[in-house]
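Structure first, then comments.
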């Protein structure tokens with residue numbers, strides 16, 4: 001009897017981990033897209049998600065626009081934000097050391113989080129989606145509808161962007177830009193346009209992440225903290241790998257949930273928040289380029 | 001034959017202060033091969049980058065003079081515009097996209113060309129010229145040999161259907177036999193596809209064998225110009241670039257090393 005319950009509990013933790021993990025993958029995808037195309041590490045990924053959440057909530061509750069239009073507004077706003085950010089701030093940093101871009105995104109993250117005390121950014125706002133309340137029950141699985149939706153959206157976009165990079169002319173060009181900017185220019189590829197495109201694609205992914213996570217956690221400044229989970233995901237999976245983002249997200253989701261289920265009772269809680277980072281540090285020691293990350297090709 | 005490219009007395013300054021080219025003029029005729037010779041740091045690569053527009057990625061600027069291609073000035077255009085007009089640079093040091101497969105590398109060369117059916121045919125043409133690339137088409141370009149990478153870089157440039165190819169040191173770091181093979185193919189491309197070539201080389205012997213005309217650069221200036229035969233018979237050129245002394249014997253490197261041997265901080 002007890003064993004059956006135990007098994008049930010484990011399955012619950014696993015399924016929850018997979019779904020949450022896929023939703024981490026979605027956010028990590030935003031990070032990977034930028035890193036793949038521009039070699040820039042975006043420390044403001046979580047803040048992108050937060051801003052998207054606020055745009056959607058603002059449109060829905062303050063402006064009173066229907067939900068689907070609010071989501072569309074978040075998408076458009078984030079695409080615009082991505083383009084604008086590249087144009088105004090990051091284009092000037094092309095050709096500068098990569099640390100310049102890193103510091104710029106850290107600064108941007110601080111500014112965005114600093115919006116907290118102002119107007120709409122105060123307090124936590126719910127972002128209701130028209131989903132049923134009861135979880136789907138599939139055999140031993142209990143899946144909350146938002147997690148199912150999140151998992152499906154994540155998979156669709158991960159697959160879509162994966163296909164884009166692998167097969168399309170623009171995708172190959174974008175990888176070329178990431179590989180060597182100067183040579184890409186020599187081949188007639190308009191590098192700056194691709195940088196803008198990469199940031200805009202990150203905007204799309206962040207908007208979806210903002211709506212999904214905003215629904216689960218409520219929209220407030222702390223929504224940006226989801227961004228911190230991106231780091232263990234991409235370090236495990238590889239900074240520039242879309243399959244890596246999936247696998248990394250799944251690992252982080254599973255580890256988090258298993259830690260919460262099996263270790264928390266003994267230590268009084270909180271392991272969920274740091275277990276992924278322990279894993280990240282281990283990954284850095286053993287396989288610094290991640291599971292699928294590109295190795296530096298060195299010729300001897 | 002008319003001039004395809006005219007470089008007219010250009011001056012290039014890096015970072016607003018460092019004067020690198022001090023009045024360089026040269027011409028490439030339609031369908032010709034022109035060699036640009038000179039030692040390390042003479043300004044050959046800078047000249048090519050000024051033409052292709054890649055200079056601006058290195059914070060360099062053409063401050064005086066003009067570069068004309070088909071009679072239109074191009075030195076104010078970004079590199080992608082220059083490629084669209086028909087000039088492709090093959091950069092020094094076999095720069096391939098290491099993480100892309102050989103075929104994907106070639107496809108990036110066709111980026112400025114739109115039609116898909118043509119791309120397929122162009123791929124076949126490139127594989128025809130460089131059969132070694134055929135069976136490596138799905139390998140990441142970072143893992144193929146140096147000679148193959150140079151072939152890939154040239155083949156990729158060919159995918160853009162250039163009227164003028166700027167070749168920067170194709171012989172660098174390659175075995176003599178491979179160098180000969182690559183130059184033969186470049187010669188064939190020139191004859192069969194009508195691609196004009198501006199060839200920057202330290203290896204004057206092989207460059208002058210294929211070129212009709214040559215320029216010699218030193219410290220950012222053209223110091224000598226003439227048809228390939230005249231240049232290869234010039235006493236100074238024999239001495240300093242071809243490694244032959246006045247009487248035509250090979251000379252020991254030891255005797256010439258006082259000439260322009262400097263510490264290289266970067267390679």
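None of the figures in this text is laboratory data; all of them are computed from the coordinates on show. Here the structure is a predicted model, which means the values were calculated and not measured. Virtual Cβ from ideal backbone geometry, glycine too; neighbours counted across all protein chains shown.
Table for the structure above
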| read-out | value |
| --- | --- |
| Over the range A:126-263, relative contact order from alpha-carbon pairs under 8 Å, at least 6 apart, % | 20 |
| Considering only the protein assembly as shown, percent of DSSP beta bridges that pair antiparallel, nearest 5 | 65 |
| As computed over the range A:224-300, the Cα convex hull volume per residue (Å³) | 86 |
| Relative contact order (percent, whole number), the range A:164-204, Cα cutoff 8 Å, 6+ residue spacing | 23 |
| Peptide A:168-176 - average C-beta neighbours from other chains (10 Å radius) | 4 |
| Highest-MSF residue in chain A out of A:235, A:281, A:146 [GNM, Cα springs under 10 Å] | A:281 |
| Theoretical FRET efficiency, 1/(1+(r/R0)^6), r = Cβ-Cβ of residue B:72 and residue A:72, R0 41 Å, to 0.05 | 0.35 |
| For the range B:1-86: span of alpha carbons on each principal axis (Å, largest first) | 38, 28, 18 |
| Zone residues, the range A:131-152, relative to residue A:12, backbone N less than 18 Å from point 7 Å out along Cα-to-Cβ | A:133-148 |
| Pair residue B:16, residue A:39: separation of 7 Å Cα→Cβ label points (nm) | 2.5 |
| Counting DSSP beta bridges with both ends in chain B, the antiparallel % (nearest 5) | 60 |
| Ratio of the Cα radius of gyration of the range B:108-221 to 2.2 N^0.38 Å, where N counts its residues | 1.10 |
| Proportion of all alpha-carbon pairs of the range A:136-190 beyond 15 Å (%) | 63 |
| Estimated inter-spin distance, residue A:142 and residue B:221, nm [label 7 Å along Cα→Cβ] | 8.6 |
| Label point distance in nm, residue A:272-residue B:8, each placed 7 Å from Cα along Cα→Cβ | 7.3 |
| Gain on full stretching of the segment that runs from residue A:84 to residue A:134 - 0.36 nm per residue minus C-alpha separation | 13.9 nm |
| Cα-based radius of gyration of the range A:39-172 once divided by 2.2 N^0.38 Å, which approximates compact folds | 1.29 |
| Translational diffusion coefficient (Stokes-Einstein; Kirkwood radius from C-alpha pairs) of chain B at 20 °C, 1.002 mPa s, in µm²/s | 113 |
| Order of A:231, B:97 - criterion: other Cβ atoms within 10 Å of each residue's Cβ, fewest first | A:231, B:97 |
| Contact order relative to length of chain B, as percent, for alpha carbon pairs under 8 angstrom and 6 or more apart | 24 |
| Rounded D (µm²/s) - the range B:184-239, Kirkwood Rh over Cα pairs, Stokes-Einstein at 10 °C, 1.306 mPa s | 132 |
| Fewest-first sequence of A:25, A:15, B:219 by Cβ atoms within 10 Å of each Cβ | B:219, A:15, A:25 |
| Size of the range A:145-300 as Cα extents on the principal axes (Å, biggest first) | 59, 42, 25 |
| Surface/4 of the Cα convex hull for the protein assembly as shown, nm² | 32.3 |
| Debye intensity ratio I(q)/I(0), log10, the range A:1-76, q values 0.16, 0.23 Å⁻¹ (C-alpha model) | -0.77, -1.00 |
| Partner chain coverage, peptide B:102-111 - average Cβ within 10 angstrom | 5 |
| Linear extension gain, residue B:235 paired with residue B:30, 0.36 nm per residue minus alpha-carbon span | 70.9 nm |
| Most mobile of A:41, A:230, A:102 in a GNM of chain A (Cα contacts under 10 Å) | A:102 |
| Packing-based exposure ordering (other Cβ within 10 Å, fewest first) of B:83, A:267 | A:267, B:83 |
| Square roots of five times the Cα gyration tensor eigenvalues for the range B:68-131, Å | 24, 16, 11 |
| For B:75-81, mean number of other protein chain Cβ atoms within 10 Å | 4 |
| Equivalent ellipsoid, chain A (semi-axes from 5 times Cα gyration tensor eigenvalues, Å) | 32, 25, 18 |
| Most mobile of A:164, A:81, A:48 in a GNM of chain A (Cα contacts under 10 Å) | A:164 |
| Volume per residue that the Cα convex hull of the range A:167-233 spans, once the total is divided by residue count, Å³ | 120 |
